[in-house]
Every structure is written in C-alpha cells, then in structure tokens.
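So the structure is just underneath, and the comments pick up after that.
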Amino acid sequence: MSQSLRLNGREKFPVRRLAILWKNNRWRTFINWLCRTRAGKDLFNISAFQKMASYRIDNYVFERIKTVLEPIVSVWKDLNIDLALDKDYYRLVRLKKPLNPHELFYPKCSNSNAVSASSTRSRDFLAHLDDVSYHAVYRYFLDYGQRQSLSDPQEAVKRLNANGKTMQAVMIHVVMWLNTHPAKVNDRDSNKPSLIDDLHPVLSPASADGSQTVKVMALGLQRSVLTYVEEHAASFTDPVHRELLTLFPDDDTDPTVYHQRFRIEAWRDVLRMVYEKVGPRFENPCVTRFNTEHPSGPTPSPKTGLVDFIHAAIIQHPEVVHNSSLSNPRATESLRVMMNEVISQ
C-alpha cells in the first residue's frame, strides 16, 4: 500500500489522513472514480486531497479535476487505452499551442495528411501500444487539439491546494451574505455539509421548478465565485487586504466598516457576481443595502492619501472590528480627524 501511494520508506504510513478521506462519503466516491485509471492513480495525493476535503467546496474541486482529466478518461473509455500521467500524457501537455500531436506521434512523417497506422512512429512514446492503437490515440488528440488545449492535472491540483483556503473563505462570506442562519458544523463529523447546502433554503423561493433547479443554481453560483477567486487569489491575499478574509459579517460587525472591502475590485466583482446570479436576496445587515442599491456601478476610486491609507488599515484590523467602542462610525471619524491634525502639524 505504501508503494501504491508512492510513499518512501522513511515516512510513517498516514493512517489518520487516509481514514479522514475514506470516511468522507463524497471523497471516497470521488477517489474510487479517480483511481480507475492509471493517470488518476498517478494524480492521487493523500496530503493534498485530505487538505482540500476540509474546505467543504467538494463539488467545485471534483468538477475541476474531472475537467482536466477528461481527455485521459475519454481515451480510456472509448479506446480502452490507459495512459500514464508522467510517462505519456505530459508529453502531450508540453506540446506547443495550438496542439499539434503530429510532431510527437509521427515526427519523421513530413506530411501529416499521409499519416497512417503503418507510418514510422516515435520509438520512446506509448511503446506498450500496437500500431493500430497508437494511431487511434493520435487521431483522438488530433481532433481534441482542434477544439481545445490540454491542461496539466497536477498543476490544477496544486492550484486548488494552494488557493483552497482563500476560496473557502470567500465562499463563506457569500453564504453569510445570503443566509444568516447557516448550518452548524461539527468539527468531528467526517461528512460535513458542503458550503453550498446553506444556499438551498435561500434559493428555493426563487425557483418554481423544484429542488433540482435549486441545486443547479447553487452549483452555478459557487462555480462562478470560486473560478473567479482561484484566478484572482493574489488580490484577496495581498498583505494589505488578506485580513478581510477572516473578518466575517457577524452580529457585532459595523456595516460601514464591512463595506470598506467593496472598494477593492476583487471583492466588488464577487458582490456583483452574486447579485447577478440571485438578485436582491441579501439577508445579512452588512450587505442588505445592496437589495436596493445595485452593486453594478464602477468600483470606487481607491484611497491614495496617507491618512486614508492608514485609516483604512486601522479600521479593518480585527481588534478594532470586534470592539464596538473602536469600530463605531463616530470613533472611526474621530480617528480620521486626529490623524489629519497630526499630519498637518
């Protein structure tokens, strides 16, 4: 088993991490699906998967990984050919874009239109396949490359692993904007509910077609938000703004202070996205103003003055946010006046 999991002899067998994954029904089903193919087994990483399982964005993670593995799975299902990830598939991924598999499969054949199963093939590529199967794989990727490029599955897992905590945090904010009574989660529960489950009660009145439509709406909203956050993770984690991720809109949060985040383009884009998907259905007092004030306007100009910069940093600090004496509008405005007086002197 250690050899199958590609663990070296010095590592202690990760029983706890494996048990956490295996007791999670969604991840056990996904891992069984993944490990049907050789490439899927090559991609399986117990540490990365156990970490991603804790983020409660399983639907998005599974969809992303299945999408990047689609070409490999199709070859396995349609042609009954199992490709290895490192040995076979990555040589295709590294080809120039747009994809031209001819240079890899049949480099000595100058006329791609004349390529057949009897043409001279690469010696060290897919050596385990006979000429007919080899040509069938070539034809598949020739057609696939005309429609879209190939993605690196391991790079996708790395990105999900690196950005997953940020994606989870932003999604928690979105859930709290729309549902002021999310489900309480038991940390010891192996099958914690997905974050989008808390969106179903909110979206139900918007759908007259039943629960299936609600699920589709929730998945669509999550997909849009998490795709954006994955692609713009640096905007949420830069040193100036990263603390905003953990300042959730609870009962003690001053809406005026919470609104400061929407001066940042990334947060404003997520707000617009949610509004476009579900309409004016915000329930949390920190964002209910956007039920009557459309968030599609231009992002407010960033504050560039020294006083404004320091003021914004102070009022977003956790010790200020969670102290009503310091975070109320009168106190924060007094702070601004005092700083202006100091600077002017």
Check your understanding: Using the alpha-carbon atoms, what tilt in degrees (0 to 90, nearest 10) does helix 153-178 show relative to the longest principal axis of the chain?
Key -> 30
Check your understanding: How high is the FRET efficiency between Thr67 and Met338 when r is their beta carbon distance and R₀ equals 56 Å, given to the nearest 0.05?
Key -> 0.55
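Output the peptides 63-69, 240-246 sorted from most to least packed, where packing is the average of other Cβ atoms within 10 Å over each peptide's residues. Walk me through the numbers before you get to the answer.
Values: 63-69: 17.4, 240-246: 15.0.
In descending order of packing, they fall as 63-69, 240-246.
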Revision key, fill the gap. Cα-only Rg/Rh for the chain with Kirkwood Rh rounds to 1.08
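Just add up the charged neighbours of Arg123: K/R +1, D/E -1, any other residue whose Cβ is under 15 Å from the Cβ of Arg123.
Within the 15 Å Cβ shell, the charges total -1.
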Review point. Between Glu155 and Glu293, 0.36 nm times their residue separation minus their Cα-Cα distance comes to what?
Key: 45.7 nm
Study note, to complete from the structure: One can check that the equivalent ellipsoid of the range 1-122, built from the alpha-carbon gyration tensor with semi-axes equal to the square roots of five times its eigenvalues, has lengths in Å, largest first, of 35, 16, 12
Review point. Ignoring ligands, DNA and RNA, what percent of the accessible area of the range 22-141 is carbon or sulfur (1.4 Å)?
Key: 46
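Quick one: plug the Kirkwood hydrodynamic radius of the range 138-232 (C-alpha pairs) into Stokes-Einstein at 25 °C, 0.890 mPa s, and report D in µm²/s.
On the way: Rh = 15.8 Å.
Translational D for this selection: 155 µm²/s.
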Practice item. Beta carbons within 10 angstrom, averaged per residue: use that to sort the peptides 167-173, 88-94, 230-236, highest first. Key: 167-173, 88-94, 230-236
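In debye to the nearest 20, how big a dipole does the chain give about its Cα centre with +1 on each Lys and Arg Cβ and -1 on each Asp and Glu Cβ?
On the way: 45 positive and 38 negative charges, 250 e Å.
Dipole size: approximately 1200 debye.
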Review point. Using Cα-only point scatterers and the Debye equation, what is log10 of I(q)/I(0) for the range 211-286 at each q in 0.14, 0.20, 0.21, 0.25 Å⁻¹, rounded to two decimals?
Key: -0.52, -1.00, -1.08, -1.30
Revision key, fill the gap. The aspartates and glutamates whose Cα lies under 16 Å from the Cα of Lys108, excluding any fewer than 8 residues away in the same chain, are Asp124, Asp131
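Which of rounded, prolate or oblate describes the range 51-197 when judged by the alpha-carbon gyration tensor and an a/c cut-off of 1.5?
On the way: a/c = 3.55, a/b = 2.99, b/c = 1.19.
Prolate, because a/c is 1.5 or more and a/b exceeds b/c.
Take each of the peptides 18-28, 177-187, average the number of other beta-carbon atoms within 10 Å over its residues, and list them starting from the highest.
Working: 18-28: 15.5, 177-187: 13.5.
Put in order of decreasing packing, that is 18-28, 177-187.
The values are calculated or read from the model by the stated rules, or taken from the named source; none is laboratory data. A quick note: this is a predicted structure, and the numbers were derived from the prediction, not measured. Cβ atoms come from the backbone with ideal geometry, glycine included; neighbour counts cover every protein chain shown. Note: areas computed on protein heavy atoms with side chains; ligands, DNA, RNA excluded. Shrake-Rupley method; radii C 1.70, N 1.55, O 1.52, S 1.80 Å.
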